[in-house]
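Taking it in order: structure first as structure tokens, then the write-up.
The values are calculated or read from the model by the stated rules, or taken from the named source; none is laboratory data. Note that the structure is predicted; figures quoted are calculated from it, not measured. Don't worry about glycine lacking a Cβ; one is built from the backbone with ideal geometry, like all the others, and counts go over all protein chains shown. The protein model used for the area step is the full one, side chains on, heavy atoms only, and it has no ligands, DNA or RNA in it. Shrake-Rupley method; radii C 1.70, N 1.55, O 1.52, S 1.80 Å.
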Amino acid sequence: MNDTISTPPAVRTEDLWKVYPQEPEPVEAVKSLDLIVEPGDFVAMAGPSGSGKTTVLNLLGGLTRPTRGRIWIDGEEVSDMRDRDLARLRLERIGFVFQAYNLLPVLTALENAEFTLLLRGTPAEERHRRVMDLFREMGLDGLEDRRPGRLSGGQQQRVAVARAVAGDPALVLADEPTANLDTATSAALLDVMERLNRERGTTFVFSTHDPRVMERARRLIHLVDGEIESDVRRDAGAVAP
Amino acid sequence: MSDDPVWRRIAWRNLGRHRGRTLITASALAFGYLAAVLMVGLMDGMNAELIENGTGLMVGQVQVHAADYLPERNMHRTIGGYEGIDLAGFLRRLESDPDIVAAAPRLYGGGLVSSGDQTLGGVLFGVDVRREGEVTTLLSTLREGRAPRAGAFEVAMGSEMARQLDVKVGDQVVLVAAAADGSMGNDLFTLAGVFSTGTPALDASHVLVPLPDLQYLLAMDPGRVHEVALTTTRPWDTPVIAASVERSLSAFGPPLRVRPWTELRPELAESVELMGSMNWVIIVIVFAMAIFGVANTMIIGTFERRKEFAVVRALGTTPLGVGKTVVYEGIFLGVLALAAGAVVTGPVLVWWHNRPPDLSGIVGGFAWSGSMWRPILRVEYSWDTPIVAAVALFVTSVLAAVYPAWKATRVPPADALAD
């Protein structure tokens with residue numbers, strides 16, 4: 001008898017649909033998506049604009065409700081969760097990185113990065129230590145007291161990544177994180193995220209147009225019109241649906 | 001652990017993001033505070049004027065009578081009954097009360113006042129001239145002549161009565177009145193002065209006679225008076241003082257009633273109460289106007305930050321957390337406005353109280369509820385109005401934040417992030 005306890009997938013969806021009720025016809029942004037992302041994976045979702053990448057991330061993060069289908073995050077079904085429980089799930093298990101950084105302008109870089117820890121009620125000393133460790137890892141030390149308006153795009157995005165991973169989430173959802181960055185800054189940011197993935201085991205799911213991100217993803221999913229067109233694992237070939 | 005410190009920090013700093021907007025909104029609230037406190041102060045000033053004129057001219061703040069004197073005003077129902085009292089001793093006893101500043105005895109009679117062919121009915125108002133001046137302002141309204149002297153058979157009368165009798169200072173008039181012994185008292189008096197109170201009914205009907213002379217005319221002993229008017233240390237607290245004086249006089253002998261001006265001039269008391277309730281209306285109107293302005297500004301601010309609300313929701317904030325930050329903004333705005341309002345209102349109130357604009361050069365005064373009101377924009381301040389207005393301001397700023405806060409909690413994160 002097998003007595004090992006199997007780890008649940010970081011993400012699992014089953015027949016996931018998102019339909020926007022628009023005139024003259026409803027828009028099917030995501031169609032019957034069946035997806036499994038294993039813990040510690042580094043997945044890029046590519047596809048043309050309107051292919052449903054951002055909608056999938058929003059669905060996985062509980063920022064929008066599916067029209068139909070089910071979603072599990074870290075083994076817990078989230079499809080029918082109440083707003084309050086979804087907020088708790090995001091706070092404890094999911095980190096977000098946005099294309100436009102979306103740091104809170106009234107907080108300093110340090111305060112932005114420790115935002116989720118503040119919400120969790122982590123003691124100040126531990127909060128400070130964890131974020132300062134991240135800042136050192138990401139080359140942000142010395143910028144702690146700056147407001148976002150006084151940081152470059154790359155610095156802001158690194159602070160956003162620090163914010164996303166400061167609470168050690170199981171899953172980081174990143175919506176086109178390099179879209180607004182130059183080549184060198186993008187590469188540096190990808191280095192940071194790869195290292196976090198490797199060293200902390202954090203699962204990353206990106207949406208991207210950026211070929212450099214696609215190259216570095218271990219698994220590349222192509223979405224077209226809300227459906228998976230291809231799903232390729234770079235280290236082991238195509239993933240069975 | 002509560003996440004409130006985060007929301008308070010964000011709320012406070014958000015106020016600094018649009019300093020101009022915050023300044024204007026806080027100024028509007030602060031001005032609302034100033035306006036509410038000043039307008040209530042003006043109403044209180046008008047009330048104080050009405051009370052002072054309504055009681056200060058003749059009534060006095062408190063009156064002592066024989067228990068059965070009012071309301072019939074039977075001339076035989078003097079204090080102490082037919083025997084009267086040791087008036088000097090009674091007045092001393094009253095003035096020994098720490099709440100009593102001065103006491104003035106009075107005697108009333110009804111009679112006819114004649115000069116030449118003219119005769120008018122009038123109220124003969126017997127007073128101790130020196131003491132009356134300490135209790136009411138009637139003698140200060142003498143426009144011609146002087147106060148009548150006791151023992152000289154002199155009188156003062158209202159200007160309208162003097163006009164109708166066609167008499168002037170120095171002329172003689174005849175007073176005829178039913179005396180206490182059933183005879184008709186009549187005597188010749190010299191008009192020593194003419195008063196003009198501004199209250200037409202009073203000026204047309206009252207003849208002021210020194211107390212001993214009226215007692216003589218009415219065949220009454222020197223110890224017989226109908227009334228003792230009192231001035232107290234706390235005019236606003238006269239019901240309490242009157243009750244206390246009445247208790248202290250309970251062992252005096254014949255039963256006495258001690259009435260505050262609120263019982264003696266119920267119509268004036270009702271007017272004052274009505275105007276007092278207007279204070280609430282003023283506060284409600286001022287802050288109801290302010291609430292829409294503040295809410296509008298906060299709604300705009302909330303709309304501008306839709307994306308930020310979506311971001312914090314994505315990071316794990318509950319809708320309640322988002323709402324909290326907006327409500328905290330309202331609270332901080334209220335505190336700022338209150339501080340500014342208090343700083344401005346205090347000096348303005350003191351200045352206005354001490355230098356009230358006098359509009360008598362533009363408009364005349366008028367009588368209301370039998371009391372003269374001068375067109376002087378006097379402001380009175382009390383401890384409670386600034387506190388009530390402060391609470392109203394604070395409630396306004398919080399209420400103004402409630403709807404924007406609710407809107408903020410309803411921001412759909414995915415839609416707002418796509419904006």
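Among (1) modelled with pLDDT under 90; (2) part of a helix (DSSP H, G or I); (3) within 20 Å of the chain's Cα centre (by Cα), which single condition is B:F292 missing? Of (1) modelled with pLDDT under 90; (2) part of a helix (DSSP H, G or I); (3) within 20 Å of the chain's Cα centre (by Cα), only one is false for B:F292: (3).
Only one residue in B:R247, B:R224 is of a type in the set (K, R), in a helix (DSSP H, G or I) and away from every other protein chain (no Cβ under 14 Å), so which one is that? Write out each step before concluding.
Values: B:R224 fails: in a helix (DSSP H, G or I).
So the residue among B:R247, B:R224 that is of a type in the set (K, R), in a helix (DSSP H, G or I) and away from every other protein chain (no Cβ under 14 Å) is B:R247.
Scanning the stretch A:101-123 for residues that are assigned to a loop (DSSP other than H, G, I, E, B) and either within 8 Å of chain B (Cβ to nearest Cβ) or β-branched (V, I, T) (or both) yields A:N102, A:L104, A:P105, A:V106, A:L107, A:T108, A:G121, A:T122.
Examine the stretch B:357-368 for a residue that is more than 30 Å from B:T262 (Cα to Cα) and either open to solvent by 60 Å² or more (accessible area, probe 1.4 Å) or assigned by TED's automatic domain parsing to the domain that holds B:A28 (or both), and state whether such a residue exists. Working first, answer last.
Initial filter on the stretch B:357-368 (more than 30 Å from B:T262 (Cα to Cα)): B:361-362.
Now drop any that are not either open to solvent by 60 Å² or more (accessible area, probe 1.4 Å) or assigned by TED's automatic domain parsing to the domain that holds B:A28 (or both), which leaves B:361-362.
Yes.
Among the residues of the stretch A:61-100, those identified as more than 18 Å from the chain's Cα centre (by Cα) and at the interface with another protein chain (Cβ under 8 Å from one of its Cβ atoms) are A:D83, A:R84. When the residues of the stretch B:1-16 are filtered to those that are surrounded by fewer than 16 Cβ atoms within 10 Å (Cβ to Cβ), facing chain A (nearest Cβ under 8 Å) and farther than 17 Å from A:P105 by Cβ, the one that is modelled with the highest pLDDT is B:P5.
One residue stands out among those in the stretch A:124-164 that are in a loop (DSSP other than H, G, I, E, B), over 19 Å from A:L190 (Cβ atoms) and open to solvent by 40 Å² or more (accessible area, probe 1.4 Å): the one that is nearest to the other protein chains (Cβ to nearest Cβ), which is A:R147. Here the condition is being crowded, with 23+ Cβ neighbours inside 10 Å, under 30 Å from B:N14 (Cβ atoms), touching a residue at least 24 places away in the same chain (Cβ under 8 Å) and out of contact with any Asp or Glu (no Cβ under 6 Å at 6 or more places or on another chain); of B:V312, B:V322, B:V344, B:V398, it holds for B:V322 alone.
Would it be correct to say that B:V59 is in contact (Cβ under 8 Å) with a residue 60 or more places away in the chain and open to solvent by less than 10 Å² (accessible area, probe 1.4 Å)?
no
Of all the criteria given as (1) open to solvent by 30 Å² or more (accessible area, probe 1.4 Å); (2) closer than 16 Å to B:L138 by Cα, the one not satisfied by B:V194 is (1). Looking at B:R224, B:R234, B:R257, B:R247, just one residue is touching a His at 6+ places or on another chain (Cβ under 8 Å) and within 30 Å of B:R93 (Cβ to Cβ), and that residue is B:R257. Cβ separations smaller than 8 Å between residues 6+ apart or across chains give the following pairs from the stretch A:29-45 residues that are in a loop (DSSP other than H, G, I, E, B) to residues that are of a type in the set (S, T, N, Q) and open to solvent by 50 Å² or more (accessible area, probe 1.4 Å): A:P39/A:T7. Listed conditions (1) among the small types (G, A, S); (2) more than 30 Å from B:P413 (Cβ to Cβ); (3) surrounded by fewer than 21 Cβ atoms within 10 Å (Cβ to Cβ); (4) touching a residue at least 60 places away in the same chain (Cβ under 8 Å) are all met by B:A229, apart from (3). From the list B:W12, B:W7, the one residue that fits, being farther than 23 Å from B:A390 by Cβ and not charged (D, E, K, R), is B:W7.
Name the residues in the stretch A:166-189 that are among the hydrophobic types (A, V, I, L, M, F, W, C) and either in a strand (DSSP E or B) or crowded, with 22+ Cβ neighbours inside 10 Å (or both), would you? Explain how you work it out, then say what you get.
Taking the stretch A:166-189 first, the residues among the hydrophobic types (A, V, I, L, M, F, W, C) are A:166, A:170-174, A:179, A:181, A:184, A:187-189.
A:A166, A:L171, A:V172, A:L173, A:A174, A:L181, A:L189, listed by residue number.
Scoring A:S186 on the criteria (1) in contact with a Leu (Cβ under 8 Å, 6 or more places away or on another chain); (2) closer than 29 Å to A:L223 by Cα leaves a single failure, condition (1). Among the conditions (1) open to solvent by 60 Å² or more (accessible area, probe 1.4 Å); (2) touching a strand residue (DSSP E or B) at 6+ places or on another chain (Cβ under 7 Å); (3) in contact (Cβ under 8 Å) with a residue 40 or more places away in the chain, B:V245 misses just one, which is (1).
Selection of first residues in the stretch A:110-139 that are free of Cβ contacts under 8 Å to residues at least 12 places away in the same chain and of second residues that are open to solvent by less than 10 Å² (accessible area, probe 1.4 Å), restricted to Cβ pairs under 6 Å at least 6 apart or on distinct chains, gives the following pairs, ordered by first then second residue: A:L118/B:V6. Annotation for the stretch B:280-288: at least one member residue is under 30 Å from B:V62 (Cα atoms), away from chain A (no Cβ under 14 Å) and modelled with pLDDT under 90. Only one of the numbered conditions (1) away from chain A (no Cβ under 12 Å); (2) open to solvent by less than 20 Å² (accessible area, probe 1.4 Å) is violated by B:I300, and that is (2).
Looking at the stretch A:31-50, is at least one residue within 21 Å of A:P177 (Cα to Cα) and polar (S, T, N, Q)? Yes: the stretch A:31-50 contains one or more residues that are within 21 Å of A:P177 (Cα to Cα) and polar (S, T, N, Q).
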